[in-house]
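S.K.: Take this structure first; my questions come after.
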Amino acid sequence: MIGLLAVTFGYLAFGSRDTSFERVRREGVIRIGYAVEAPYAFVDGGRVTGESPDVAARVVRALGIPRVAWVQTTFDRLLPELIDGRFDVIAAGMFVTPERTSRVAFSHPTFRVRQSLLVRKGNPLDLHAYDDIAARADCRVAVVASAFERDLLVLAGVPHDRVVQVPDSQTGRVAVESGLVDALALSSITIAWLASRDSLGRTEVATPFAQPTHGHEGGVSAGAFAFRPQELALRDAWNTALAPFVGTEDHLRMIAPYGFTPADLPPTVPGGQL
């Protein structure tokens, strides 16, 4: 509690005292934005769930905020709508990148992730790396709009006109199944989740897969919650509750149903070494 009070009353932002944490405590509600991107965030039986919403709900309880107002949007609208004030925090498995860090304030990371490809059954184009996509002039790849993978593909030499942006991972999977694209590039956690739910067996995970050597940390990134840069009091209060939880047995039990293992923890917590 002492730490939370220090966070509440100890921060200045943009020339005036930052009251963001005080505000949500006073109002009794925090607005959390998410995009449907299983297993990071999705709706199941009318309940918002997934790795990020479940961890967020636990943090909110620890902070003594009585209610969460969930706000759904598309992934490419998460940052603009956070900045515009539609919600207070993003809980959507968002990767930390230099470009995003220039726009928002991230929490401590809750997971790390590598890249992967979803391909048609049998992997007919024998794709095992982004470089393989770049080398084939007839190969098209889908990415979720505004996702990190688009930048990695372009850095690997894949032309912009062969990168097809889709609104979400399910649309990307359908694009692979129908032959509109030859692969879907997303995080290894998401690709494994999609493949495990392909009851017709039309797709598979490209195995083995060589991690990209171009771009941010060679394709390995961390995922975190995002806040407006002028609301560091809220971000820091969040971190005060979040940091002791990440990597605990309770945390691992919470995220295991979504396909996360100790190997997916960020490198700063036990079991998360790169």
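Each value in this text was obtained by applying a stated rule to the coordinates, not by laboratory testing. All values reported here derive from a predicted model rather than from experimental measurement. Virtual Cβ from ideal backbone geometry, glycine too; neighbours counted across all protein chains shown.
S.K.: Which percent, to the nearest 5, of DSSP beta bridges fully inside the chain are antiparallel?
M.R.: Numbers: 22 of 37 bridges.
Of the beta bridges lying entirely in the chain, close to 60 percent run antiparallel.
S.K.: Treating only the Cβ of Lys, Arg, Asp and Glu as charged (+1, +1, -1, -1), what charge dipole size does the range 115-219 show about its Cα centre? Round to the nearest 20 debye.
M.R.: On the way: 9 positive and 13 negative charges, 53 e Å.
In debye, rounded to 20, the range 115-219 gives about 260.
S.K.: Given the Cα atoms of the chain, and with Rh set as the inverse mean 1/r over their pairs in the Kirkwood sense, what is Rg to Rh to two decimals? Each step should come with its number before you reach the end.
M.R.: On the way: Rg = 19.1 Å, Rh = 19.3 Å.
Across the chain, the Cα-based Rg/Rh ratio is 0.99.
S.K.: Picking from A145, P167, I83, whose Cα lies most toward the positive end of the charge dipole for the chain (charges on Cβ: Lys, Arg +1; Asp, Glu -1)?
M.R.: Of the listed residues, the answer is I83.
S.K.: Something else now. How would you rank D126, D138, D264, D131, going from fewest to most other Cβ atoms within 10 Å of each one's own Cβ? The partial results should precede the final answer.
M.R.: Working: D126 10, D138 7, D264 22, D131 15.
Neighbour counts put them in this order, fewest first: D138, D126, D131, D264.
S.K.: Considering Cα pairs under 8 angstrom that are at least six residues apart, work out the relative contact order of the range 115-219 and quote it in whole percent. Before the final figure, lay out the partial values.
M.R.: Working: 182 pairs, mean separation 46.7, N = 105.
After rounding, I find 44 percent.
S.K.: I would also like to ask the following. In a Gaussian network model over the chain where Cα atoms closer than 10 Å are linked, find which of G46, G93, G201 has the largest mean-square fluctuation.
M.R.: Most flexible of the set in this elastic network: G46.
S.K.: Let me ask something additional. Picking from L234, V154, A183, whose Cα lies most toward the positive end of the charge dipole for the chain (charges on Cβ: Lys, Arg +1; Asp, Glu -1)?
M.R.: It is L234.
S.K.: Could you give the size of the charge dipole of the chain about its Cα centre, using +1 on the Cβ of each K and R and -1 on the Cβ of each D and E, expressed in debye and rounded to the nearest 20?
M.R.: Working: 27 positive and 30 negative charges, 132 e Å.
Its charge dipole is roughly 640 debye.
S.K.: Out of R23, R228, R173, any idea which swings most in a Gaussian network model of the chain, alpha carbons joined below 10 Å?
M.R.: R23
S.K.: Next question. Defining a contact as two alpha carbons under 8 Å apart and six or more residues distant in sequence, what relative contact order in percent does the chain show?
M.R.: Numbers: 517 pairs, mean separation 75.7, N = 274.
That works out to 28 percent.
S.K.: Would you work out which of V96, V68, T110 lies farthest towards the positive end of the dipole of the chain, given +1 charges on the beta-carbon of Lys and Arg and -1 on that of Asp and Glu, about the Cα centre?
M.R.: The residue sitting farthest along the positive end of the dipole is V68.
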